[in-house]
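The structure under discussion appears below in the form of structure tokens.
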Amino acid sequence: MNFYGSFPTTRLRRNRHDAWTRKLTAENRLTPADLIWPIFLTEGENKVVPVESMPGIVRVSVDRAAEHVAEAVALGIPAVALFPYTPVEDRDEEGTGALNPDNLMCRGARALKAAHPDLGLIGDVALDTYTSHGHDGVLRDGYVHNEDTVEILCRQAVAMAEAGVDVIAPSDMMDGRVGTIRAALDAKGLIHTRIMSYAAKYASGYYAPFRDAVGSTGALIGDKKTYQMDPANSDEALREVALDIAEGADMVMVKPGLPYLDIVHRVKTEFGMPTYVYQVSGEYSMIMAAVERGWLDHDRAMMEALISFKRAGANGVLSYFALKAARLLKAG
Ligand code: PBG
């Protein structure tokens, strides 16, 4: 039987027929301006050290940091996120290294600001790379103590902002830290320093390569489930975000990325805030491992993951792919 006469007049495949219509009908677009590139800093001079569990990712010494990010700046990546690999001998129970105005983070920020004044600098606030036990705060009877931790985080945030960090990004998940940090910054006149809160940060298995990158893999005693969120929860993420907004967060973040696209979407829809998503180390390494085995195409897997964050509603993505994606976008 000939069914053409009765076939629907709408054929969604028509708009997919040519590359140019696909371009014209694309609902979301990724540009270098959507990307934030995480950078690992290490002590020493003239160092560019590969991170074993993250193929293609390195730690750089402060003297090499400006040149390391130069291409990203030229490609239009608006900001980088800084993470220090604190030498083991500089870590202690209380994470006092976090308060040192000459620690890696602060020296890195000063060097990058001097070389690239228009590049946004985002600095992680938490104690995990400074504590001997690898937790994001200070332990009291084996428990990460909320108030004692927040007090230290405030001083850490002020030291970082004074060194040139533009955006304070608390990744510790203590209660009440955004408001307290805001007050501490304001008291020092640092009224333009923005806060991007890791508002909905989950206790995730996907951070493992990162902990290798910052040297806290072996250090961590126990897990972070008493402060990071349970992957089973979604309503609770909205409560976390609502509190951080009420406390003065300028931007909010969901972390990790791909397993939490529903959270990104709910957060953006509910609050309409500048919303960011962190495609974390494990998500990067998972793709890279499959690429190395020839099981996935690097560029396609990368770009598909990145556009999915835009589709879910994110304004921007923290991604270890940022430089490679920006290069590809430039090449067209
Ligand atoms: C530290 C912090 C972590 C990440 C960002 N900041 C690790 C953790 O919470 O254990 C993870 C980033 C990544 O996996 O790429 N508080």
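Taken together, the values in this text are just the output of simple stated rules run on the coordinates, not laboratory data. Everything quoted here is computed from the prediction, not taken from an experiment. Here Cβ is always computed from backbone atoms with ideal geometry, including for glycine, and neighbour counts include all displayed protein chains.
If you take the alpha carbon atoms of the stretch 1-88 and fit the smallest convex hull around them, that volume is 179 Å³ per residue. Across the stretch 125-134, coupling constants 3J(HN,Hα) worked out from phi with the 6.51/-1.76/1.60 Karplus curve, θ = phi - 60°, read 10, 4, 9, 4, 8, 10, 9, 5, 9, x Hz, and Gly and Pro carry x.
If each residue's Cβ is checked for other Cβ atoms within 10 Å, how do THR269, THR9, THR96, THR86 rank with the fewest at the top? Present the calculation step by step, with values, prior to reporting the outcome.
Working: THR269 12, THR9 4, THR96 18, THR86 25.
If I rank by nearby Cβ atoms, fewest first, I get THR9, THR269, THR96, THR86.
Between the Cα long axis of helix 146-162 and the first principal axis of the chain there is an angle of about 80°, rounded to the nearest 10. With bins 5 Å wide beginning at 0, the percent of Cα pairs of the stretch 98-199 falling in each bin runs 2, 14, 25, 25, 18, 10, 4, 1, 0. Scoring 257-265, 157-165, 15-23 by mean Cβ neighbours within 10 Å over their residues and listing the highest first yields 157-165, 257-265, 15-23.
Treating the angle as unsigned and between 0 and 90°, give the value, to the nearest 10°, between the Cα long axis of helix 62-74 and the longest Cα principal axis of the chain. Helix 62-74 sits roughly 20 degrees off the main axis of the chain. When the alpha carbon gyration tensor of the chain is reduced to an equivalent ellipsoid, the three semi-axes, largest first, read 36, 23, 19 Å. Sorted into 10 angstrom bins from 0, the C-alpha pair distances of the stretch 261-332 split as 19, 48, 27, 6, 0 percent. If you line up the long axis of helix 235-246 against the longest principal axis of the chain, both from Cα atoms, how many degrees apart are they, to the nearest 10? Between helix and principal axis, roughly 60 degrees. Panel note: the C-alpha atoms of the stretch 1-150, placed on their principal axes, show extents of 79, 41, 28 Å (largest first).
Using a cut-off of 31 Å between Cα atoms, the listed pairs LYS255/LYS324; LYS224/LYS268; LYS47/LYS225; LYS224/LYS330; LYS23/LYS113 include LYS47/LYS225; LYS224/LYS330; LYS23/LYS113 as exceeding that distance.
Shape index of the stretch 142-221: Rg/Rh, with Rg the Cα radius of gyration and Rh the Kirkwood radius from the inverse mean 1/r over Cα pairs, equals 1.00.
Backbone phi angles across the stretch 304-312, fed through the Karplus curve with coefficients 6.51, -1.76 and 1.60 (θ = phi - 60°), yield HN-Hα couplings of 5, 5, 5, 5, 5, 5, 5, 4, 6 Hz in residue order; Gly and Pro are listed as x.
Scoring 310-318, 295-303, 44-52, 126-134 by mean Cβ neighbours within 10 Å over their residues and listing the highest first yields 126-134, 310-318, 295-303, 44-52. Over the stretch 208-310, one equal point on each Cα, no solvent: what is log10 I(q)/I(0) by the Debye formula at q = 0.16, 0.17, 0.24, 0.25 Å⁻¹? Evaluating at q = 0.16, 0.17, 0.24, 0.25 Å⁻¹ gives log10 I(q)/I(0) of -0.86, -0.94, -1.26, -1.29.
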